[in-house]
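Notes to accompany the following structure.
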């Protein structure tokens, strides 16, 4: 058995594992004498499996907390906690899961900070409404339109430049809109009180992808009431249980492509549960 020590270098966003004995090569990492190193552009946390030359295994927790190159921030409005924000793999509004998961994410907000092209992160979401196919409404807060179905209906929003609003000093791209589960609040459509009180409507799927960042992947995972965490998705895949089953929470992260499967495997340990850490 061997021991390791993890050092996170600030500024350079460099993870370093110091080893007590030689190990087998780790894909995506620089392996020198008794040391593993890798550069990270964004904060991320996941376990890294390591084998020594005799194939004894150990696990190092990679916990990058000081990467300042890129930051992925996101949030939601769920008719329970007004606006909630998280970043870099943390769960949005964990109380929505713990205390009142009947509430749904009416709309979600995204922004990517860092020295990257304006169209680096793109997304779209499916919004399930009471009014059904070909209907649309306007967000109570932002006065941005949203539709039943995919938003946008074709193509993708560029995060940071499309469908954006300012909130608490943040420039955010919005998917969906506030008011999906409020009775008779819309100037365009009415919603019966007995239906509104069931919280049946909201964002039910998300998709995100990166452009001009060939070494990175974006990973995301949704939580659905009575289902738990869904299997995580990445790089343009749709994360969805059913288009008529809106989500109660979600999380996202940027990760080097070499580490994507490791993060997917780590998050998928929560599939079917309501774990929030």
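Between the C-alpha center of segment 67-101 and that of segment 199-277 there is a gap of 13 Å. As a proxy for reagent exposure, 157, 208, 147 were ordered by neighbouring Cβ count within 10 angstrom, fewest first; the result is 147, 157, 208.
So what is the calculated 222 nm ellipticity per residue for the chain, using -39500 (n - 2.57) for each DSSP H run with n of 4 or more, over all residues, to the nearest 500 deg cm²/dmol?
-1500 deg cm²/dmol
Cβ crowding within 10 Å ranks 84, 249, 153 as 153, 84, 249, fewest other Cβ atoms first.
Matching the structure-derived Cα extents along the principal axes in Å against the labelled list (1) 60, 40, 38; (2) 113, 52, 23; (3) 68, 37, 29 gives the label (3). Modelled this way, with points 7 Å down the Cα-to-C-beta line, the labels at residue 143 and residue 20 are 6.5 nm from one another. Springs between Cα atoms under 10 Å define the GNM used for the chain, and in it the highest mean-square fluctuation of 143, 55, 259 occurs at 55. Taking 189, 128, 148 as the candidate residues, the one with maximal mean-square fluctuation in a Gaussian network model of the chain, Cα springs under 10 Å, is 189.
Would you mind ranking 215, 115, 79 so that the residue whose beta carbon has the fewest other beta carbons within 10 Å leads the list? Walk me through the numbers before you get to the answer.
Numbers: 215 10, 115 6, 79 21.
By the 10 Å Cβ count, ascending: 115, 215, 79.
Pick from 141, 199, 74 the residue whose mean-square fluctuation is largest in a GNM of the chain, springs joining Cα atoms under 10 Å. Of the options given, 141 has the highest mean-square fluctuation.
Readers should treat all values here as calculations from the given coordinates under stated rules, not as data from a laboratory. Source: prediction; values computed, not measured. All Cβ positions, glycine included, derive from the backbone under ideal geometry; neighbour counts span all protein chains shown.
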